[in-house]
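Nothing in this text is a laboratory measurement; each read-out follows from the coordinates by a stated rule. What you are looking at is a predicted structure, and each value in this text was computed from that prediction instead of being measured. Please note: Cβ atoms are built from the backbone with ideal geometry, for glycine as well, and neighbour counts cover all protein chains shown.
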Amino acid sequence: MDTLAQLVLSGILVGSIYALMSVGLTLIFGVLRIVNFAHGEFLMLGMYGAWAMSRFAGVNPYVGLLLVVPAMFLFGMLVYKLIVTPGLDKPHLVIVFATMGLSIMLQNLALMIMSADLFDVPPMFGGRSLGIGPLYVKTELLIGFCIALGVTFAMRWIVKTTYLGKAIRATVQDREAASLMGIPVHRIFLITFASGSALVGLAACVMLPVFSVFPTVGLNFVLIAFVIVVLGGMGSIEGALLGGICIGVVQSMSSYYFAPAYGQLFFFILFMLVLVFRPAGLMGQKGTANLGMNP
């Protein structure tokens with residue numbers, strides 16, 4: 001029984017970090033209704049940035065996020081201006097191929113500059129785990145869980161109560177009517193895309209103490225992120241958290257009871273079952289794929 005509880009707890013903690021990585025993706029899709037196929041490479045850049053600050057400035061990743069997150073916000077603005085904006089009024093596949101091209105370019109640049117070596121940071125907090133009765137948790141995972149919860153509630157609060165959130169929801173529901181009401185739609189798009197990129201930078205700083213960084217690390221996680229976004233409900237911020245936790249628990253239990261190599265097999269089975277019996281996702285609404293973020 002203790003083993004099962006340990007597996008579930010570990011899965012929840014790891015899944016929350018997966019969810020943190022996915023919130024930016026679901027935010028961008030929910031507002032702009034586009035899929036950023038370079039999302040994994042944004043994560044890779046953020047992890048390299050956090051690693052560089054740890055390696056050369058002696059700053060741990062949790063402090064480094066104070067620089068990495070604004071840097072990724074600015075990088076997101078640049079990508080939006082140069083790559084996303086020209087394709088907004090064109091067929092959807094234009095942005096798909098543009099972001100895929102950006103993904104390949106960033107991967108190869110990282111490979112040329114950083115080589116294929118794996119980089120990580122020294123164990124934090126002495127490498128010790130916290131004991132909760134008979135259960136043990138890594139401190140880094142517990143911090144990641146708390147940050148993921150905080151980000152989810154903060155994003156939901158911003159979208160539901162602030163003027164920016166109201167403008168975002170109006171833009172999602174009808175961008176032409178929002179524009180006629182004086183809402184700067186393209187500025188909302190810019191802020192949303194840059195904010196999604198900043199959230200990826202935050203996730204990168206949280207993930208670095210747990211995972212190594214290398215040029216193709218984004219490929220290992222972006223597929224999980226896409227599954228989480230669809231599983232939780234496309235455009236649902238809290239759905240991303242729930243989807244991430246579900247994926248984490250399934251991966252943790254299948255890796256223990258079967259083999260680590262079967263982890264992806266079982267969460268893809270869960271993914272297909274949800275698509276069959278609840279196509280809108282666990283917390284999505286019917287038509288969300290066309291409408292965007294949940295109102």
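General remarks:
- Residue 59 long-range amide H proximity, modeled H, under 5 Å: 54
- Tail beyond 20 Å, pair distance distribution of segment 125-268 (Cα, percent): 60 percent
- Computed over segment 23-131, the range of Cα coordinates on each principal axis works out to 52, 34, 24 Å, biggest value leading.
- Taking every full run of DSSP H in the chain, the ones that stretch at least 20 Å from end to end by Cα along their long axis and average 1.0 or higher on the Kyte-Doolittle scale are 2-32, 61-79, 92-114, 139-161, 185-207, 217-232, 237-257, 263-277.
- Global size of segment 2-291 as Cα Rg and Dmax, reported in angstrom: 18.8, 60
- Exposure proxy order (Cβ contacts within 10 Å, fewest to most) of 152, 216: 216, 152
- Selection of chymotrypsin sites (Phe, Trp or Tyr not before Pro), segment 207-281, meeting DSSP coil and at most 13 other Cβ within 10 Å: 258
- Simple Cβ-charge dipole of segment 138-295, Lys/Arg +1 and Asp/Glu -1, about Cα centre, in debye nearest 20: 280 debye
- Sorting 176, 238 by the number of Cβ atoms found within 10 Å of their own Cβ, with the fewest placed first, yields 176, 238.
- Taken over the chain, lysine pairs spaced eight or more positions apart, or on distinct chains, with alpha carbons under 30 Å apart number 7.
- Once backbone amide H atoms are built at 1.01 Å from N, residue 136 has no partners under 5 Å, excluding neighbours fewer than 5 places away on the same chain.
- Amide proton proximity set for residue 283, modelled H, under 5 Å, gap of 5+: 233
- Remark: the chain carries a charge dipole of roughly 580 debye about the Cα centre, counting +1 on each Lys and Arg Cβ and -1 on each Asp and Glu Cβ.
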